[in-house]
Structure formats: C-alpha cells, structure tokens
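Read the structure below first, then the notes.
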Amino acid sequence: MATKHCLFAKQIRESFKKTMLIIGLTGSVATGKTTIASLLSKMRIPVFNSDEAVSFILDQDKKIIHQIRKKFFRKIPNLFVKGKINKTALSRYAFNEPNLLRFLEEAIQPQVLNQQKKFFKRMCLNRRKIVILETPLLIEANSYKFCDFVLLTSAPLFLQKMRALSRFGMDEKKFLGILKKQMPEIEKKKVVDFTINTGLGRMHTIRLIRRVLSHVMEKKGKKWPFCSETLLR
C-alpha cells in the first residue's frame with residue numbers, strides 16, 4: 001500500500017511539473033528587458049536573470065576568480081578593487097579580446113546553466129505556473145528552443161542608443177559593437193511569439209505584458225523538466 005501511495009504521489013508531482021510554463025525574455029541592448037523583468041516580478045512572476053547570475057558567479061565562485069586572476073591580472077589594469085573583480089574593467093577588456101571572452105563563456109556558462117536548473121526545480125516545487133528566463137542571447141544560443149514561449153523586447157534605435165549611452169561604462173563605440181555582435185531584430189522576430197515595444201510609455205508596456213500573460217495563462221508547459229536537462233548535456 002505504501003509503495004502504491006508513493007507511486008501515486010510521484011505521478012502527481014510529475015503531472016504538475018509538466019504544467020509549468022517557461023517564457024524566455026530577450027532583446028538587444030537597452031530595449032527594456034530589465035524594465036519588463038521588473039514589472040513581471042511585481043506581478044509575482046519569478047524571473048531568472050542570467051546577467052545577475054553571471055555577476056554572482058564573478059563575486060562568489062572562488063575557482064573562477066582564481067582563474068581570472070591567474071590569466072589576466074597583469075593584462076587588465078584595476079582588475080581587482082577591494083578584493084573583488086572589477087566587472088567594468090573586465091567587460092571593457094573582454095569586448096576587444098576574443099580569447100578572454102571565449103574563456104569567460106566556457107568557464108561561466110556551465111555555472112549559469114546549473115543555477116537555471118536549480119531555479120526551475122525550486123519554482124516547480126513552489127508550484128509556480130509561469131517562470132521567466134531572461135537572457136540577452138537566448139536566440140543566438142538556441143536556448144529559445146527550451147522555452148514554451150519567447151517574448152522579445154524592442155525599442156526605436158534612437159531611444160535604444162540614448163538608454164545605452166546613459167549607462168556607466170558605455171560609449172558609442174561599445175554600443176555599436178554590441179549591436180554588431182547580436183542577431184538583427186528582424187531575424188529574432190522570426191522565432192519569437194510576442195514582441196513588446198517599450199518605447200511607447202510605461203502604461204502601454206504594462207498593457208502589452210498583461211495581454212501576453214492572459215494569452216499564455218491557460219496553456220500547459222511542454223518543455224519542463226526536459227529543457228534544463230538538455231541544456232546541461
């Protein structure tokens with residue numbers, strides 16, 4: 001009897017797992033990803049922010065910190081400030097140094113994917129209906145295939161540029177370089193389910209978010225639990 005009860009409980013858990021929707025949130029630099037992620041969080045929808053995960057790893061992962069110190073301490077001025085990695089200096093150097101960029105991707109990406117997996121599992125146990133996976137290169141890295149829906153942020157180029165240049169450590173050369181490395185928006189739109197133009201005001205953005213949520217709310221997720229397992233292979 002106990003065995004049957006355990007089996008039944010497991011079936012319920014597995015059935016519930018497959019209802020969790022994963023919505024990928026992506027977009028080019030300064031198109032409003034952070035704004036939309038913040039609005040979704042205020043609506044009590046959990047968001048996994050890949051950039052924040054990278055920042056946490058650079059602050060806390062002793063092995064990666066040691067590797068960066070060993071390889072690049074002499075090459076990057078002010079790489080460490082008060083014992084912590086100066087992410088602005090690291091980013092500025094990596095932007096023009098493909099070898100460093102490749103090293104960071106190979107070292108950090110597995111850790112980010114592991115954090116994603118833990119996040120999805122935790123949200124599933126908390127019986128969350130919808131979770132958001134926010135990452136700038138969702139489409140370029142083919143991670144969109146592991147999402148039930150994909151939401152793309154968009155903004156007019158002049159507004160995108162104005163937002164980007166207001167950020168610390170950003171200049172026009174770096175902004176144009178980032179755009180060049182990212183997939184053109186017209187190509188991204190071919191694989192996404194929804195596009196939100198964040199250049200028409202906050203209330204307009206909120207209305208569009210609610211419209212997207214009302215569309216997906218009754219859908220059942222088909223990607224979890226397989227997506228994170230596939231990502232980690």
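Kindly evaluate Ser214 against the criterion of being of a type in the set (Ser, Thr, Tyr), more than 16 Å from Ser91 (Cα to Cα) and surrounded by 13 or more Cβ atoms within 10 Å (Cβ to Cβ).
On the way: of a type in the set (Ser, Thr, Tyr): yes; more than 16 Å from Ser91 (Cα to Cα): yes; surrounded by 13 or more Cβ atoms within 10 Å (Cβ to Cβ): no.
Here the answer is no, as Ser214 does not meet what is asked.
Kindly indicate whether any position in the stretch 156-179 is among the aromatic types (Phe, Trp, Tyr), modelled with pLDDT of 95 or more, surrounded by 15 or more Cβ atoms within 10 Å (Cβ to Cβ) and not in a loop (DSSP other than H, G, I, E, B). Give the steps one after another, and end with the answer.
From the stretch 156-179, those among the aromatic types (Phe, Trp, Tyr) are 158, 168, 175; that's our starting set.
Next, from what is left, pick out any that are modelled with pLDDT of 95 or more: 158.
Filter once more, keeping what is surrounded by 15 or more Cβ atoms within 10 Å (Cβ to Cβ): none.
So far as the stretch 156-179 goes, no, none of its residues is among the aromatic types (Phe, Trp, Tyr), modelled with pLDDT of 95 or more, surrounded by 15 or more Cβ atoms within 10 Å (Cβ to Cβ) and not in a loop (DSSP other than H, G, I, E, B).
Restricting attention to the stretch 90-128, report how many residues are of a type in the set (Gly, Ala, Ser) and either touching a residue at least 40 places away in the same chain (Cβ under 8 Å) or touching a strand residue (DSSP E or B) at 6+ places or on another chain (Cβ under 8 Å) (or both).
Selection size over the stretch 90-128: 2.
Filter the stretch 180-233 for residues that are among the hydroxyl-bearing types (Ser, Thr, Tyr), more than 17 Å from the chain's Cα centre (by Cα) and modelled with pLDDT of 95 or more and give the result.
Thr198, Thr205 - these are the residues of the stretch 180-233 that are among the hydroxyl-bearing types (Ser, Thr, Tyr), more than 17 Å from the chain's Cα centre (by Cα) and modelled with pLDDT of 95 or more.
Inspect the stretch 193-203 for any residue being under 17 Å from Ile130 (Cα atoms) and either surrounded by 12 or more Cβ atoms within 10 Å (Cβ to Cβ) or of a type in the set (D, E, K, R) (or both) and give the result as yes or no.
yes
Are any residues in the stretch 41-56 part of a helix (DSSP H, G or I), hydrophobic (A, V, I, L, M, F, W, C) and surrounded by fewer than 18 Cβ atoms within 10 Å (Cβ to Cβ), and if so, which ones?
Across the stretch 41-56, the qualifying residue is only Phe56.
One residue is enough: does the stretch 83-104 have a residue meeting the conditions among the aliphatic types (A, V, I, L, M), at pLDDT 90 or above and in contact with a Cys (Cβ under 9 Å, 6 or more places away or on another chain)?
No, the stretch 83-104 contains no residue that is among the aliphatic types (A, V, I, L, M), at pLDDT 90 or above and in contact with a Cys (Cβ under 9 Å, 6 or more places away or on another chain).
Could you tell me how many of the residues in the stretch 103-130 are assigned to a helix (DSSP H, G or I) and either out of contact with any helix residue (DSSP H, G or I) (no Cβ under 7 Å at 6 or more places or on another chain) or over 13 Å from Phe48 (Cα atoms) (or both)?
Looking only at that region, the number is 17.
State which residue is nearest to Gly27 (Cα to Cα) when the search covers only the stretch 180-192 and only residues that are in contact with a Leu (Cβ under 7 Å, 6 or more places away or on another chain) and crowded, with 17+ Cβ neighbours inside 10 Å.
Of everything passing the filter in the stretch 180-192, Lys188 is nearest to Gly27 (Cα to Cα).
For the condition touching an Asp or Glu at 6+ places or on another chain (Cβ under 6 Å) and outside any helix (DSSP H, G or I), what is the one hit in Lys190, Lys219, Lys223?
That would be Lys223, the only listed residue that is touching an Asp or Glu at 6+ places or on another chain (Cβ under 6 Å) and outside any helix (DSSP H, G or I).
If you take the residues in the stretch 20-40 that are under 17 Å from Gln182 (Cα atoms) and hydroxyl-bearing (Ser, Thr, Tyr), which one is surrounded by the fewest Cβ atoms within 10 Å (Cβ to Cβ)?
Ser28
Would you check if Leu138 is in a loop (DSSP other than H, G, I, E, B), under 18 Å from Trp224 (Cα atoms) and in contact with a Phe, Trp or Tyr (Cβ under 7 Å, 6 or more places away or on another chain)?
Taking the combined requirement at face value, the residue satisfies it.
Answer yes if at least one residue in the stretch 86-101 is touching a Leu at 6+ places or on another chain (Cβ under 9 Å) and loosely packed, with under 13 Cβ neighbours inside 10 Å, and no otherwise.
No.
The values are calculated or read from the model by the stated rules, or taken from the named source; none is laboratory data. None of the values given here were measured: they were computed from a predicted structure. Backbone-built Cβ (ideal geometry, glycine too); neighbour counts: all protein chains shown.
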